[in-house]
Amino acid sequence: MHAGRPGRTGDDQRLTGAPETPITPGRSAYLPGEHAHLPTHNGRNTVATTDARAVNLADRGLILRTAFGGMAAQTLRAAVRLKVIELIGAAPRRADDIAAAAGADPRSMTRLLRALAGLGLLEEHAPGLFSVTPAGALLDSRAPGSLTSFVRVFTDPVALRAWEHLDTSVRTGDVAFDAVFGTDFFSHLAQHPDISTAFNAAMSQATMATATVLPHAFDFGRFTSVTDVGGGNATLLSAVLAAHPHLSGVVHDTAQGLAEAPGTLRRHGLTQRCTLIAGDFFGSVPKGSDLYLIKSVLHDWTDEQVVTILSHCREVLPPEGRVLIVEPVLPETVATQDGAHASDHGVTYLSDLNMLVNAGGRERTREGFQEVCHRAGLTVTSVAPLEGAAPFSLIEAAAC
């Protein structure tokens, strides 16, 4: 795409995926890192290797794909908003039929479908005939394990506006969200119930993989009662209680965080075994449990705030009690990547930047968790990857 201005000069730049390479007589156009087929005087082609200093095509591809990443995210957003996956269903369907069902322009819908196929979410069996891949099925709002709410929230302008000021946050260390919206992220949620509801739904979907494996990955048999600190709509604790009938539970969160929890407990038949307690974990944590579960909470906050949360857990922890933190644990150094795919930890580093610009917290290394636990009067007794729910780990801590 270009501006279409007359009189373009050699200094003008086009917004294309790759820079132009001039074509000269007797030579074909090629990109740095490719081989050019040069016609000879007798019409045969010879292969010429580009200069050794030319940028490798795979490396260029990595940069270009990353630069287009925001467009890929918005492609997912459009698919969710138009309910593309639901409209296709279980059998291949033609683009024209999908467009008609969505009330969309047929040509534009075909372009969207092909972009989704290019991302691996659809398969085009014949021109204009599409089916859903296993990855694409996660964008079906009706499916178990659906990530539609997660996609909606993390591609929404509210989540993205602060990212436009990442460079400012890097320079200053300040939280960009606070400057952009005039308040902190969680206060903004409290002021906008519709956004809060969407955020809670996204967090519930993001928790499903952990909820599937955690009940069988940790020895809950040692305990009698579990308090899920910042447990939201009770998705995680419900899975734990369902798998361990001897346990009772408490979900502790703000009133808005607990808004959907009663429905979750009813669906799982757990209303008699689980109590909901509204409150602020910066003020106190309910006493009475011998296990305090904290998932995807600490990364939202600064070290000082995390020490406050953990200190409140320590204050009510019985002698044999434990704190179980479920969060990613970053390696001490970044593992080298081949450029083809981001690792689970690679995504966590992006989450770390998201904490920087939107919440003010951070992802932590093992040493980072040990430090905040020690300051709160806790000792980390074990750290282990949560198999089946990468990049999460289980960090168990006891009173010093």
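The values are calculated or read from the model by the stated rules, or taken from the named source; none is laboratory data. Being a predicted model, the structure only gives us computed values, none of them experimental. Please note: Cβ atoms are built from the backbone with ideal geometry, for glycine as well, and neighbour counts cover all protein chains shown.
For region 57-66, check the following and say yes or no: at least one residue is modelled with pLDDT of 95 or more, part of a helix (DSSP H, G or I) and buried (at least 16 other Cβ atoms within 10 Å of the Cβ). No, every residue in region 57-66 fails to be modelled with pLDDT of 95 or more, part of a helix (DSSP H, G or I) and buried (at least 16 other Cβ atoms within 10 Å of the Cβ). Here G232 fulfils each of the conditions (1) in contact with a helix residue (DSSP H, G or I) (Cβ under 9 Å, 6 or more places away or on another chain); (2) without any contact (Cβ under 8 Å) to a residue 60 or more places away in the chain; (3) at negative phi apart from (3).
For P319, state whether it is over 24 Å from the mean Cα position of the chain (by Cα) and either of a type in the set (S, T, Y) or surrounded by fewer than 17 Cβ atoms within 10 Å (Cβ to Cβ) (or both). So that I can check it myself, show each step before the final result.
Working: over 24 Å from the mean Cα position of the chain (by Cα): yes; either of a type in the set (S, T, Y) or surrounded by fewer than 17 Cβ atoms within 10 Å (Cβ to Cβ) (or both): yes.
Yes, satisfied.
One residue is enough: does region 234-253 have a residue meeting the conditions modelled with pLDDT of 95 or more, part of a loop (DSSP other than H, G, I, E, B) and polar (S, T, N, Q)? Within region 234-253 (the criterion being modelled with pLDDT of 95 or more, part of a loop (DSSP other than H, G, I, E, B) and polar (S, T, N, Q)), the answer is no, since none of the residues qualifies.
Entry remark, region 358-387: residues being of a type in the set (A, V, I, L, M) and surrounded by fewer than 19 Cβ atoms within 10 Å (Cβ to Cβ) number 2 in total.
Take the conditions assigned by TED's automatic domain parsing to the domain that holds G70 and assigned to a helix (DSSP H, G or I) and apply them to R114. Does it pass? Break it down into steps so the answer makes sense when it comes.
Working: assigned by TED's automatic domain parsing to the domain that holds G70: yes; assigned to a helix (DSSP H, G or I): yes.
It is true that R114 is assigned by TED's automatic domain parsing to the domain that holds G70 and assigned to a helix (DSSP H, G or I).
Condition check: surrounded by 17 or more Cβ atoms within 10 Å (Cβ to Cβ) and not assigned by TED's automatic domain parsing to the domain that holds R273. Does A202 satisfy that?
On the way: surrounded by 17 or more Cβ atoms within 10 Å (Cβ to Cβ): yes; not assigned by TED's automatic domain parsing to the domain that holds R273: yes.
For A202, the condition - surrounded by 17 or more Cβ atoms within 10 Å (Cβ to Cβ) and not assigned by TED's automatic domain parsing to the domain that holds R273 - is met.
For first residues located in region 152-170 and farther than 21 Å from A198 by Cβ, partners that are modelled with pLDDT of 95 or more and acidic (D, E) and lie 6+ apart or on another chain with Cβ distances below 8 Å form the pairs T168/D174.
Under the condition of being crowded, with 17+ Cβ neighbours inside 10 Å and either in contact with a Lys or Arg (Cβ under 7 Å, 6 or more places away or on another chain) or of a type in the set (A, V, I, L, M) (or both), the residues counted in region 153-170 number 5.
Residue by residue, here is whether (1) surrounded by fewer than 17 Cβ atoms within 10 Å (Cβ to Cβ); (2) at pLDDT below 95; (3) closer than 20 Å to T210 by Cα holds:
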| residue | (1), (2), (3) |
| --- | --- |
| A261 | no, no, yes |
| R267 | yes, no, yes |
| Q272 | yes, no, no |
| D280 | yes, no, no |
| V285 | no, no, no |
| G288 | yes, no, no |
| L293 | no, no, yes |
| W301 | no, no, no |
| Q305 | yes, no, no |
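When region 178-225 is limited to residues that are of a type in the set (S, T, Y), in contact (Cβ under 8 Å) with a residue 40 or more places away in the chain and not in a helix (DSSP H, G or I), the one that is farthest from W301 (Cα to Cα) turns out to be T224.
Of these, G173, G230, which one is surrounded by fewer than 19 Cβ atoms within 10 Å (Cβ to Cβ), modelled with pLDDT of 95 or more and of a type outside the set (V, I, T)? Outline the logic, then answer.
Working: G230 fails: surrounded by fewer than 19 Cβ atoms within 10 Å (Cβ to Cβ).
After applying the criteria, what remains is G173.
Applying the selection to region 359-382, what residues are among the basic types (K, R), over 21 Å from P319 (Cβ atoms) and in a helix (DSSP H, G or I)? Result: R366, single match.
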